[in-house]
């Protein structure tokens, strides 16, 4: 099974035989990949009960939980890596979520849709409406996104939180993007430590 571009970058960066907690793991694609290709002790947390059932049916260790409150139950540095893919913008307090990711994991991966992408800017500027794009595929009233984060916003948040950006990747249409990432990238991935 082919991984989404951000998940593929994360999977490639994770060392074999480590412990990983994927928060908001969805269908478990990353967890299954890591378990099968790198013998990772892969665990997941997902709020959607149907997704949890699908993951468990694949033999994945996934619990139902709300990361906004349930990450507090995990021990400090209990995992080598924590992963929050395309979920930060749905968190009640992304700043506090980042603190929890870096507390629970020695390193954290965070990916998110970049709301400063040129298509999003254009839709707002020329259409006067919240955009529906590849990165934001549903109307404003049905999206789980409650915070609109950009590449620049996230870098600033990481700096404020004392997090070190180890690596970063940017994608548009599933392809890597270099240069002008705040307006050219549809999605961003950051690897962080503290």
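The values are calculated or read from the model by the stated rules, or taken from the named source; none is laboratory data. Because the structure is predicted, anything quoted here is derived from the model rather than measured. Positions of Cβ are generated from backbone atoms using ideal geometry, with glycine treated the same way; all protein chains shown enter the neighbour counts.
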Open item on the list: closer than 21 Å to residue 175 by Cα, in contact (Cβ under 8 Å) with a residue 40 or more places away in the chain, in a strand (DSSP E or B) and within 13 Å of the chain's Cα centre (by Cα): is that true of residue 154 in this structure?
Closed with: no
Task: Qualifying residues in the stretch 107-138 (those that are over 18 Å from residue 154 (Cα atoms) and in a helix (DSSP H, G or I)) - the one nearest to the chain's Cα centre (by Cα) - done: 119
- [ ] Taking residue 118 as meeting all but one of (1) over 24 Å from residue 17 (Cα atoms); (2) surrounded by fewer than 20 Cβ atoms within 10 Å (Cβ to Cβ); (3) free of Cβ contacts under 8 Å to residues at least 24 places away in the same chain, write down the number of the exception.
- [x] (3)
Task: Unique match (being in a helix (DSSP H, G or I) and closer than 16 Å to residue 98 by Cα) among 30, 21, 7, 71 - done: 71
- [ ] Evaluate the following for residue 106: is it in contact (Cβ under 8 Å) with a residue 12 or more places away in the chain and within 19 Å of residue 189 (Cα to Cα)?
- [x] yes
Task: Residues of the stretch 33-47 classified as in contact with a strand residue (DSSP E or B) (Cβ under 8 Å, 6 or more places away or on another chain) and either in a loop (DSSP other than H, G, I, E, B) or closer than 11 Å to residue 61 by Cβ (or both), total - done: 8
- [ ] Could you please let me know if residue 56 is touching a strand residue (DSSP E or B) at 6+ places or on another chain (Cβ under 9 Å), over 20 Å from residue 88 (Cβ atoms) and surrounded by fewer than 20 Cβ atoms within 10 Å (Cβ to Cβ)?
- [x] yes
Task: Check on residue 172, closer than 17 Å to residue 8 by Cβ, at pLDDT 85 or above and in contact with a strand residue (DSSP E or B) (Cβ under 6 Å, 6 or more places away or on another chain) - done: no
TODO: For the stretch 59-68, enumerate the residues that are out of contact with any strand residue (DSSP E or B) (no Cβ under 8 Å at 6 or more places or on another chain) and either in a strand (DSSP E or B) or on the phi > 0 side of the Ramachandran plot (or both).
DONE: 59
TODO: Output the residue which, of all residues in the stretch 74-100 that are in a loop (DSSP other than H, G, I, E, B) and touching a strand residue (DSSP E or B) at 6+ places or on another chain (Cβ under 9 Å), is surrounded by the most Cβ atoms within 10 Å (Cβ to Cβ).
DONE: 87
